[in-house]
Structure formats: C-alpha cells, structure tokens
Amino acid sequence: MKFFIDSADIKEIKEAAKLGILDGVTTNPSLVSKTGRKYLDVVKEICEICPGPISAEVLSVDYDGIMKEARVWAKVANNVVVKIPLIEEGLKAVVTCSKEGIKTNVTLCFSSVQALLVAKAGGTFVSPFVGRLDDIGHEGMDGIREIKQIYSNYDYKTEILVASTRSPIHIRDAALAGADIATIPFKIFQQLVKHPLTDRGLAQFLEDAKKIPAP
Ligand code: G3P
C-alpha cells in the first residue's frame, strides 16, 4: 500500500519524507490557500522534495478550461498528476488526458458508480472521500470495498486513492479493503506510529538493560 501526504505545507511534507516511506503528495485548493503562496510555486517545490506522484488540482469546471490547465500542470514536472473534479466536463477531460498520456487523479468521488466512470474514462487515480461521507452519517469505507470489488471484476487499472482520511482507523480499514493508496494528513501520519504500550515497553526494556552486567 502506498502512503501519500495530503498537504501543501512544505515543512510537513519534508518531515513526512524524512520517514522514508512517503510515496506521493496530494494537494487541493483549500490546502494551498492556507499557505498564502501561489499554487504553481508550491507544486514546483513539492516536486523537488518527493519524486512520487504530486497531485495538482485544476480550477476550471468546463472541458476546455480543464484541458488548458491540465496541459500546463503536466509540463511543470514529470511527476505531476492533474487533479480533476468528478463532474461530466471533468470526465470528458480525463478521457482526453488519458489519450494524451497525462496522468489524472479524479477527485470528489462519493460513490462506487462514480468510481466506475473514472475507470472507464481511463483515470490514473480515483479519490473517494471517506471522512466527508462519515461526516454525514454514511460509512465511507463501504464505498472503498465496493470500488475494490468493481475494479477487480473488470481488471480496471485505475488506482484507488483513499482521501479525506481522518484517523489511523481509516488507514487500517483502507489497507484491509485493499486500497492502493491512502492520502494522509500530517497529524494522522504522526499518529500512525504511536502506541502507548510501545512507549511503556521501551521504557521498561531500557530500565532493565541497566541491570545487565557490562561486557
Ligand atoms: O485532498 C482531498 C481530501 O483528502 C480532503 O480531505 O479532510 O478536507 O475532507 P478533507
């Protein structure tokens, strides 16, 4: 399973990259707006930190506008993936991007049927948002299991990128469901490694080690 960080914060991305298990980065306009910087500048800098796929989102909602932005993003760096919203105009653009060899991450996916369309359109990644579904009383992870089943029924190559993750439980369940990738906020990244019994056990081992006679 691949781990992406869901962030536009350079400090966070550098910190996560230091762990040595970071496979990519996803950004969105909300995350970039928090930095106070230009989207292009942020993405260029992220591409220098992480060699894996870096998602950069288009802001247009019409086919021509989306394609214009997609072609610009695709030229920024080899590892840029164009993030396109899951709307009709977006799907048309995904088909064209696929023909032109532009990698796509189709975002704002909230149902397995939408994800089926993404695979048919030739999307590289689909981003189902689990946390936002949980927020409105649905079980976001059910959708991931459905998408996994549908994609395996037809051997679709689109990768399932679980987004809107809010807790280590989401990461565990995404892995159990066989998702290809989870994109994880920095705070959750930090939580993944922690367990109170690990800390307590280590403290005990270190204490007991003092009783071992020196060689
Ligand atoms: O990048 C898209 C996604 O991960 C958004 O997460 O927490 O805003 O629902 P959230």
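Summary of values
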quantity: Conditions (1) assigned to a loop (DSSP other than H, G, I, E, B); (2) surrounded by fewer than 19 Cβ atoms within 10 Å (Cβ to Cβ): number failed by E146; calculated: (1)
quantity: Residue, nearest to the chain's Cα centre (by Cα), within region 1-14, restricted to residues that are surrounded by fewer than 18 Cβ atoms within 10 Å (Cβ to Cβ) and charged (D, E, K, R); calculated: K2
quantity: L108 farther than 23 Å from E15 by Cβ, open to solvent by 50 Å² or more (accessible area, probe 1.4 Å), in contact with a strand residue (DSSP E or B) (Cβ under 7 Å, 6 or more places away or on another chain) and outside any loop (DSSP other than H, G, I, E, B); calculated: yes
quantity: Hey, T158 surrounded by 15 or more Cβ atoms within 10 Å (Cβ to Cβ), of a type in the set (V, I, T) and within 16 Å of the ligand (Cβ to nearest atom) or not; calculated: no
quantity: Within region 125-141, considering residues that are out of contact with any helix residue (DSSP H, G or I) (no Cβ under 6 Å at 6 or more places or on another chain) and not acidic (D, E), the one surrounded by the fewest Cβ atoms within 10 Å (Cβ to Cβ); calculated: G137
quantity: Odd one out for H170 among (1) assigned to a helix (DSSP H, G or I); (2) more than 15 Å from the chain's Cα centre (by Cα); calculated: (2)
quantity: Flag for A209 being of a type in the set (A, V, I, L, M, F, W, C), surrounded by fewer than 16 Cβ atoms within 10 Å (Cβ to Cβ), more than 16 Å from the ligand (Cβ to nearest atom) and over 15 Å from F3 (Cα atoms); calculated: yes
quantity: All positions within region 161-192 that are in contact (Cβ under 8 Å) with a residue 12 or more places away in the chain, under 19 Å from K14 (Cβ atoms) and within 15 Å of the ligand (Cβ to nearest atom); calculated: T183, I184, P185, F186, I188, F189, Q191
quantity: Scan of region 26-38 for residues that are without any contact (Cβ under 8 Å) to a residue 60 or more places away in the chain and closer than 28 Å to G178 by Cβ, ordered by number; calculated: T27, L31
quantity: Restricting region 153-167 to residues that are more than 12 Å from the chain's Cα centre (by Cα) and outside any loop (DSSP other than H, G, I, E, B), the residue that is farthest from G123 (Cα to Cα); calculated: N153
quantity: Within region 155-177, tally of residues that are among the hydrophobic types (A, V, I, L, M, F, W, C) and over 22 Å from N28 (Cβ atoms); calculated: 4
quantity: Odd one out for A17 among (1) within 16 Å of the ligand (Cβ to nearest atom); (2) open to solvent by less than 40 Å² (accessible area, probe 1.4 Å); calculated: (1)
quantity: Qualifying residues in region 23-35 (those that are within 11 Å of the chain's Cα centre (by Cα) and away from the ligand (no atom under 11 Å from the Cβ)) - the one most open to solvent (accessible area, probe 1.4 Å); calculated: D23
quantity: Subset of region 42-86 (residues that are open to solvent by 20 Å² or more (accessible area, probe 1.4 Å) and over 20 Å from the mean Cα position of the chain (by Cα)); calculated: S60, V61, D62, Y63, D64, K68, E69, R71, V72, K75
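The values are calculated or read from the model by the stated rules, or taken from the named source; none is laboratory data. This one's a predicted model, so the numbers in the text were calculated from it and none came from an experiment. Glycine gets a Cβ as well: all are built from the backbone with ideal geometry, and neighbour counts include every protein chain shown. Side chains are part of the model used for accessible areas, which takes the heavy atoms of the whole protein and leaves out ligands, DNA and RNA. Shrake-Rupley method; radii C 1.70, N 1.55, O 1.52, S 1.80 Å.
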